[in-house]
Amino acid sequence: MYICPVCKNKLERQDNSWRCPEGHCFDIARKGYVNLLTTVGRNPKNSGDNAEMVKARTEFLNRDYYLPLAEKTGEILAEELRDTSDPAIIDSGCGEGYYTVKYAAMVPKARFFGIDISKNAISHCMTRVHQKGIKNCSFAVASSFELPFEDGFADIIVCTFAPVTDREYAAKLKQTGSLIVVSPSPGHLFELKAAVYDEPYLNRPNDYGLESFYLADEQVFEYKKKLESSEDICSLFSMTPYFYKTSAKGMERLRALQSIEVTCGFVIQTYKLK
Ligand SMILES: C[S@@+](CC[C@H](N)C(=O)[O-])C[C@H]1O[C@@H](n2cnc3c(N)ncnc32)[C@H](O)[C@@H]1O
Ligand SMILES: [Zn+2]
């Protein structure tokens with residue numbers, strides 16, 4: 001399963017570490033994850049969400065506004081894997097584990113491997129695993145651009161609001177495997193943008209430049225949720241890319257909101273290898 005990020009040989013579990021035949025050794029942290037980022041990947045400027053961002057994301061996700069999305073994607077995973085025995089799924093850019101752990105509970109026959117470049121996020125994944133008593137999830141600190149798995153390892157790579165890499169994902173998937181990408185739909189959180197901006201805009205669809213794949217299925221999944229407190233509104237907004245582009249006037253409008261009904265809108269795409 002895991003390969004050495006330095007020499008690419010297979011890693012073997014020995015007591016509390018993962019070791020390769022060339023002697024590279026990666027200790028398993030007390031919480032149970034392993035850090036497989038190479039020195040290059042450890043550049044602190046590129047180490048993903050920090051502790052504060054992870055905490056904000058966790059607090060928001062725990063209110064289950066995005067539970068319908070987790071369940072919908074879980075159903076798609078279960079359906080894709082209906083005829084597969086002992087499947088392996090990589091959740092690439094899994095964040096703090098909200099979705100990974102939900103999927104793992106919904107598809108108990110599968111082994112889930114969450115990776116994220118943020119050590120803080122991966123550490124929180126283990127908290128979720130311990131809280132829920134989940135047995136079929138493993139987590140590693142690693143980059144989506146250098147997945148620490150053998151080629152052809154995964155039946156599915158699922159990628160939710162996280163970097164999509166064409167060649168790396170193609171290499172790590174089985175030839176019959178699927179890449180499932182979840183991204184915001186054009187109307188996602190439109191009401192929130194309309195409350196904050198003078199000229200709200202629809203999200204543009206992402207172009208991931210996937211040359212190794214073809215689009216096999218696309219589902220737009222939308223529902224409405226009422227955000228019930230100023231705290232939830234602000235923490236949701238701070239998780240979006242809009243947060244960094246909002247003027248002081250916009251932020252003032254945002255903080256004044258006490259409740260708002262918003263569209264939660266997602267596009268779930270299934271890609272297959274060409
Ligand atoms: C918007 S968050 C989504 C997290 C999670 N999938 C979710 O929906 O809750 C994006 C995640 O991608 C991670 N990330 C950013 N660059 C990455 C990379 N090169 N490799 C792996 N993860 C990365 C961040 O640390 C962050 O956890
Ligand atoms: Zn090695």
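The values are calculated or read from the model by the stated rules, or taken from the named source; none is laboratory data. No experiment lies behind these values; they were computed from the predicted model shown. Counting neighbours? That spans all protein chains shown, and the Cβs are built from the backbone with ideal geometry, glycine included. Please note that ligands, DNA and RNA were not included when accessible areas were found on the heavy atoms of the full protein model with its side chains. Shrake-Rupley method; radii C 1.70, N 1.55, O 1.52, S 1.80 Å.
Residue count for region 152-182 satisfying the condition of being surrounded by fewer than 19 Cβ atoms within 10 Å (Cβ to Cβ) and in contact with a Pro (Cβ under 8 Å, 6 or more places away or on another chain): 1.
Considering region 60-98, the residues that are farther than 17 Å from Ile156 by Cβ and free of Cβ contacts under 8 Å to residues at least 40 places away in the same chain include one that is most open to solvent (accessible area, probe 1.4 Å), namely Asn62.
Among the residues of region 177-218, none is identified as modelled with pLDDT of 95 or more, assigned to a loop (DSSP other than H, G, I, E, B) and aromatic (Phe, Trp, Tyr). If you scan region 99-134, which residues turn out to be open to solvent by 10 Å² or more (accessible area, probe 1.4 Å), within 10 Å of ligand 1 (Cβ to nearest atom) and outside any helix (DSSP H, G or I)? Hits for region 99-134 are Asp116, Ile117. Got a sec? Which of Phe221, Phe213 is in contact with a Lys or Arg (Cβ under 6 Å, 6 or more places away or on another chain) and buried (at least 16 other Cβ atoms within 10 Å of the Cβ)? Only one candidate passes the filter, namely Phe221.
Which of the residues that make up region 243-266 are assigned to a loop (DSSP other than H, G, I, E, B) and exposed (fewer than 12 other Cβ atoms within 10 Å of the Cβ)? If the condition is that a residue be assigned to a loop (DSSP other than H, G, I, E, B) and exposed (fewer than 12 other Cβ atoms within 10 Å of the Cβ), then Ser247, Gln258, Ser259 are the ones that fit.
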